[in-house]
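Here is the structure we will look at.
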Amino acid sequence: MITKEQFLLRQPSMPEETETDKFYFNICNRLAEVAKEKGLFPSYPEKVVERAALVMIGYYQDIISDAGVWRSFITECRRLYGYTVPFFSREGDEYFDFELNKADVRFMVWYALSMNYENRRVCNPYDNELIEGADIWFELLESFYEEAPIPVNYRFSAELELHNEEDRPEIMRLANWLFLHCYLMTPAFALSLSELASEYDLTNEEGVIEMQKRLDAAMWQDPTGPLALYLGEWLYLIVEGKPAPEPKEEKLSEPHKYFTSFTKFTGGKRLQFFAGYEELNKFFIEALGWPEGEEHLSQVKNDHDFVLMVDENKGMLLARNVARCIASPDNPLYDKEYAKSHAIDLLTERGLCPGDLLRYVCSQGWLPDAHFPGSEDYKLVEETWDFISRCYLQAYYRGD
């Protein structure tokens, strides 16, 4: 059973209890109870399903009050991709803005369960188990929709101005809630939080203090949510109703020295593929002029299937153990059968493929074999690769 403390922790008014909390707390528990009674989501532990119910009730409250978080998400999806809800809404599909939609519920079930359960983290959004459970949850939420009261304190962005000094305390309160407790942000940040916590010894006070400092910094420095936006970007969307201004990209007066050497040696090609370390090291010496007789980047000596990419501004980056997945016409290592099993890893496994390389490869159509386990729908991933990368990889995809 979901406790009142768990529910209140995720409310904008926490730790205070409002007059509408009881209504939504009861529905939240009803979602969990229905899942248990009907045997929904059998592949997931009960506690994970309860977390999904908490996420779902947050979405429900947002929709009923038009709090702005969900509205910002779908608006940005339309701007970035031309569709409303990843996986579940395509051009021509019926969709009602700012109201309860089956596509929303299906997405939120996939998102909450996938992000919160490592054993099924990379799960097909159209898995029958997820679709069946989501549709039953949708029917339950729809049955209460007309009588649902507007949640107290969910219109937190109303009449706020992002750059108004008088609004600063409320903006900071909103920022804190968005990053630490909002239903849309916390599932995607769960793994990031786990990685962050692993850096500190939380058995002593000093470790806890250092962890809190890092978390405070992460609030503004790390992307979060299913679109891996930075908190400033989310605030612009929610409060201002528009995307944050694009930062001006500073270009070097001259191309990076590695770019010049690399492309001169390769005849203008930005990517090179190497089966093993010896070939890679030879390229460093012959193409980049690194000292002969040395083992350069020897820490990758035991890896294989390397990809080197060069960028005019950033220089050179290296990926290992991924070349067999990349269907570049210049890649002799590409292995279609291997890629069918492993290409999705590039979009979902943190640290496997640098973001710049991943964007370049996918924009060229060179990851055609990526699909969710249990699905043969390659087109689904082809259409949503940027969203998938943002959602799973977070800072590993959007960070520098």
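The values are calculated or read from the model by the stated rules, or taken from the named source; none is laboratory data. As the structure is a computational prediction, the values presented were derived from the model and not from experiment. Cβ placement follows ideal geometry from the backbone for every residue including glycine, while neighbour counts extend to all protein chains displayed. With ligands, DNA and RNA removed, areas are computed over all heavy atoms of the protein, side chains included. Shrake-Rupley method; radii C 1.70, N 1.55, O 1.52, S 1.80 Å.
Just one of (1) at pLDDT below 95; (2) part of a helix (DSSP H, G or I); (3) polar (S, T, N, Q) fails for THR263. It is (1).
Scanning region 238-258 for residues that are more than 25 Å from PHE107 (Cβ to Cβ) and either open to solvent by less than 20 Å² (accessible area, probe 1.4 Å) or not hydroxyl-bearing (Ser, Thr, Tyr) (or both) yields PRO245, GLU246, PRO247, LYS248, GLU249, GLU250, LYS251, LEU252, GLU254, PRO255, HIS256, LYS257.
In region 142-162 there is at least one residue matching the filter, namely being part of a helix (DSSP H, G or I) and crowded, with 16+ Cβ neighbours inside 10 Å. Within region 389-396, none of the residues are closer than 16 Å to CYS123 by Cα, free of Cβ contacts under 8 Å to residues at least 24 places away in the same chain, out of contact with any Phe, Trp or Tyr (no Cβ under 8 Å at 6 or more places or on another chain) and buried (at least 17 other Cβ atoms within 10 Å of the Cβ). Any residue in region 379-387 that is part of a strand (DSSP E or B) and either in contact with a His (Cβ under 7 Å, 6 or more places away or on another chain) or surrounded by fewer than 19 Cβ atoms within 10 Å (Cβ to Cβ) (or both)? No - not one qualifying residue is present in region 379-387.
How many residues, within region 285-325, are in contact (Cβ under 8 Å) with a residue 40 or more places away in the chain and within 11 Å of LEU271 (Cα to Cα)?
Qualifying residue count for the region: 8.
Need pairs with beta-carbon distance below 6 Å; first residue on the phi > 0 side of the Ramachandran plot and within region 220-243, second open to solvent by less than 30 Å² (accessible area, probe 1.4 Å) and among the hydrophobic types (A, V, I, L, M, F, W, C); sequence gap 6+ or separate chains. Matching pairs, first to second residue: GLY225/LEU184; GLY225/MET185; GLY225/ALA188. Scanning region 70-101 for residues that are among the aliphatic types (A, V, I, L, M), under 17 Å from the mean Cα position of the chain (by Cα) and open to solvent by less than 50 Å² (accessible area, probe 1.4 Å) returns ILE74, VAL85. Every residue in region 5-29 that is touching a residue at least 60 places away in the same chain (Cβ under 8 Å), over 28 Å from the mean Cα position of the chain (by Cα) and closer than 24 Å to GLU139 by Cβ, please. Once the filter is applied, which keeps residues that are touching a residue at least 60 places away in the same chain (Cβ under 8 Å), over 28 Å from the mean Cα position of the chain (by Cα) and closer than 24 Å to GLU139 by Cβ, region 5-29 yields THR20, ASP21, PHE23.
Could you tell me which residue of region 174-224 is farthest from the chain's Cα centre (by Cα), considering only residues that are closer than 16 Å to PRO12 by Cβ and part of a loop (DSSP other than H, G, I, E, B)? Looking at residues that are closer than 16 Å to PRO12 by Cβ and part of a loop (DSSP other than H, G, I, E, B), I get HIS181. Residues in region 41-63 that are at negative phi, assigned to a loop (DSSP other than H, G, I, E, B) and crowded, with 21+ Cβ neighbours inside 10 Å: TYR44 alone.
Identify, please: which residue in region 259-271 is free of Cβ contacts under 8 Å to residues at least 40 places away in the same chain and within 36 Å of the chain's Cα centre (by Cα) and is, among those, most open to solvent (accessible area, probe 1.4 Å)? Step by step, filter region 259-271, then rank; the result is THR260.
Within region 304-333, the residues that satisfy the criterion of being farther than 15 Å from LEU358 by Cβ, out of contact with any helix residue (DSSP H, G or I) (no Cβ under 6 Å at 6 or more places or on another chain) and either in a strand (DSSP E or B) or open to solvent by 50 Å² or more (accessible area, probe 1.4 Å) (or both) are HIS304, PRO329, ASP330, PRO332.
Screening region 228-240 for residues that are under 13 Å from ALA395 (Cβ atoms) and either at pLDDT below 95 or aliphatic (A, V, I, L, M) (or both) and picking the one that is nearest to the chain's Cα centre (by Cα) gives ALA228. Considering region 295-324 alone, what residues qualify as being more than 13 Å from PHE284 (Cα to Cα), out of contact with any Cys (no Cβ under 6 Å at 6 or more places or on another chain) and small (Gly, Ala, Ser)? Of everything in region 295-324, those that are more than 13 Å from PHE284 (Cα to Cα), out of contact with any Cys (no Cβ under 6 Å at 6 or more places or on another chain) and small (Gly, Ala, Ser) turn out to be GLY315, ALA323.
If you filter region 273-303 down to residues that are of a type in the set (Phe, Trp, Tyr) and in a helix (DSSP H, G or I), you find that the one that is farthest from SER261 (Cα to Cα) is TYR277. Just checking, which of GLU205, GLU210 is open to solvent by less than 80 Å² (accessible area, probe 1.4 Å) and over 26 Å from TYR111 (Cβ atoms)? Testing whether each residue is open to solvent by less than 80 Å² (accessible area, probe 1.4 Å) and over 26 Å from TYR111 (Cβ atoms) leaves just GLU210.
Taken together, LEU227, LEU235 contain a single residue that is crowded, with 20+ Cβ neighbours inside 10 Å and part of a loop (DSSP other than H, G, I, E, B), which is LEU227.
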